[in-house]
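> Pasting a structure here, questions to come.
The values are calculated or read from the model by the stated rules, or taken from the named source; none is laboratory data. This one's a predicted model, so the numbers in the text were calculated from it and none came from an experiment. Backbone-built Cβ (ideal geometry, glycine too); neighbour counts: all protein chains shown. To get the accessible areas, we keep the full protein, side chains included, count just its heavy atoms, and leave off ligands, DNA and RNA. Shrake-Rupley method; radii C 1.70, N 1.55, O 1.52, S 1.80 Å.
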Amino acid sequence: AQALGNLGAVARETGGFDEARTLYVESLGILLDLHDPWAKAYLLDDVARLVYAQGDAEQALRLIGAAKSFRGSIAAPLPGIEKDALDAFRQRLEADVGSAAGEVLAEGEAQTADEALRLALELVSAPN
């Protein structure tokens, strides 16, 4: 699942959004059956970046909130450079979402792992 997610991130970063969606769908399907909050958090961060690139800052922020919650539940903070990059991304999302950002982030944080993964799956499965 992690390898597929990583390949999805490479595809996303190089503009291959259709390929990224395909890889993320497969990775999300596998992670739904596994208990691996760390991998789920990483994948949600990656899917959030794709969702944002496709124009949906609110849903991206919701996914970031869920990932943040998963990391907190297993006491696994991101390493410095990754945390800095994710914080900058979250701040950009909050600015784009505006006054509802706190509420949207909290909604993501309140989701169960399965809820967040199913939302991510729905978002990457939808035609764009």
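> With the condition kept exactly as written, say whether any residue in the range 59-69 is open to solvent by 50 Å² or more (accessible area, probe 1.4 Å), without any contact (Cβ under 8 Å) to a residue 12 or more places away in the chain and over 16 Å from Glu122 (Cβ atoms).
Checked against the condition, which is being open to solvent by 50 Å² or more (accessible area, probe 1.4 Å), without any contact (Cβ under 8 Å) to a residue 12 or more places away in the chain and over 16 Å from Glu122 (Cβ atoms), the range 59-69 yields no hits at all.
> How about the range 34-83: which of its residues are among the hydroxyl-bearing types (Ser, Thr, Tyr), more than 19 Å from Ala1 (Cα to Cα) and within 11 Å of the chain's Cα centre (by Cα)?
Tyr52
> Which residue, of Asp87, Asp114, Asp96, Asp46, is open to solvent by less than 50 Å² (accessible area, probe 1.4 Å), of a type in the set (Asp, Glu), touching a residue at least 12 places away in the same chain (Cβ under 8 Å) and part of a helix (DSSP H, G or I)?
Exactly one residue qualifies, and that residue is Asp46.
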